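Quick notes on the structure that follows.
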Amino acid sequence: IMLTPSISPLISLPPFATPSPTLSRNVSRGRSTCSSNKSCSPPATQIKPTTVSIVHLPAELRILALTQYASFGTILKLSCTCKALKPLSNVVIEQNKDQSTLYAISLSMLGLTSSYTLEVLFHQRRAISLLNTLTTSSDLFVKCSALKTLAEVHLSSVSCDPEATHASRLHGLTLLSSAFSCGSSSPPSSPLHSLSVQSGRLISQIYEEGSHSIPVSFSKSSDWMRLCAEYDHVESLCDYALTVEMGVGDADGDEAEAFKYYEKAGRICLERNEMHEETFEALGDYYENGRSIPPNLTKAVEWYRRGEG
């Protein structure tokens, strides 16, 4: 779609040129615009400009004009605010095959992005339909993003029927689980890997806090944090190590097992040249106080210094 900022089809343009101010004054006073010693034709009658609304154009011309000169956001705005232009939202999706852009448009419809926020807001039903389509995308990052966004929509949904609301929120957890699975084979440093871990950590947080009316379950929260830790995500490794250290439910804490996760998190930080102060301080404390391991003040100082940057 070609965009021409200097021409806007949303502004009604007169089909004829407006006469110059000088000519208009001369005609209104009955004066001739010719010199006295030359013959000339009678003064032209001023043509009154007329306007044509784009809504009154034939459907083919209407769509052609908008798709040639208007942005996606403008088209979506018109499709949401004017019934006669409602089919234009389909035109945007049919003509745009870039799935990343379609995902950005769906976020705009939900009011979750600044790309088109000022032009189209809260077209939720259309957004959900588009997101459902993108959950089968061949682009795994787009697929994971659509699953996570759709899950958040379901988790925050409210219905007059409490059972329907609860069912929708449980479906949101299922979608988050699918989003988590998308990054199982992605490199640790990839955006897809990070997005997948975010989905898993969100599930863990929901079970820990009991948000969205989901019953609190510390065991499920711990299980999901462990799954995120298995993705070699440093923050998840550290969080799970703390969970194991403190114990879950009636189970006692296991410092020896927790140290394994702290140590793995510290090793990954050194390999990737990453900084994670909480992990470094925990390792320093374990080595200093000999918690489940022989004391080693040299290593304790090394880890403490890394934690100071």
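Miscellaneous remarks
- For residue 261, the conditions (1) buried (at least 17 other Cβ atoms within 10 Å of the Cβ); (2) hydroxyl-bearing (Ser, Thr, Tyr); (3) assigned to a loop (DSSP other than H, G, I, E, B) all hold with the exception of (3).
- From the list 173, 130, the lone residue that is closer than 23 Å to residue 98 by Cα, touching a residue at least 12 places away in the same chain (Cβ under 8 Å) and either of a type in the set (A, V, I, L, M, F, W, C) or open to solvent by less than 20 Å² (accessible area, probe 1.4 Å) (or both) is 130.
- Only residues that are open to solvent by less than 70 Å² (accessible area, probe 1.4 Å), closer than 22 Å to residue 273 by Cβ and of a type in the set (Gly, Ala, Ser) were counted in the stretch 184-220, giving 3.
- Criterion violated by residue 248 - all others in (1) among the β-branched types (Val, Ile, Thr); (2) in a helix (DSSP H, G or I); (3) closer than 17 Å to residue 225 by Cα satisfied: (2)
- Selection of the stretch 93-152 for residues being more than 11 Å from the chain's Cα centre (by Cα), more than 21 Å from residue 193 (Cα to Cα), at pLDDT 70 or above and in a loop (DSSP other than H, G, I, E, B) yields only 98.
- Reported count of residues in the stretch 165-190, each being at pLDDT 95 or above and among the charged types (D, E, K, R), is 0.
- Scanning the stretch 269-290 for residues that are out of contact with any Cys (no Cβ under 9 Å at 6 or more places or on another chain) and among the hydroxyl-bearing types (Ser, Thr, Tyr) yields 286, 287.
The values are calculated or read from the model by the stated rules, or taken from the named source; none is laboratory data. Remember, predicted model here, so these are calculated numbers, not experimental data. Reconstructed Cβ throughout: ideal geometry from the backbone, glycine too, with neighbour counts over all protein chains shown. With ligands, DNA and RNA removed, areas are computed over all heavy atoms of the protein, side chains included. Shrake-Rupley method; radii C 1.70, N 1.55, O 1.52, S 1.80 Å.
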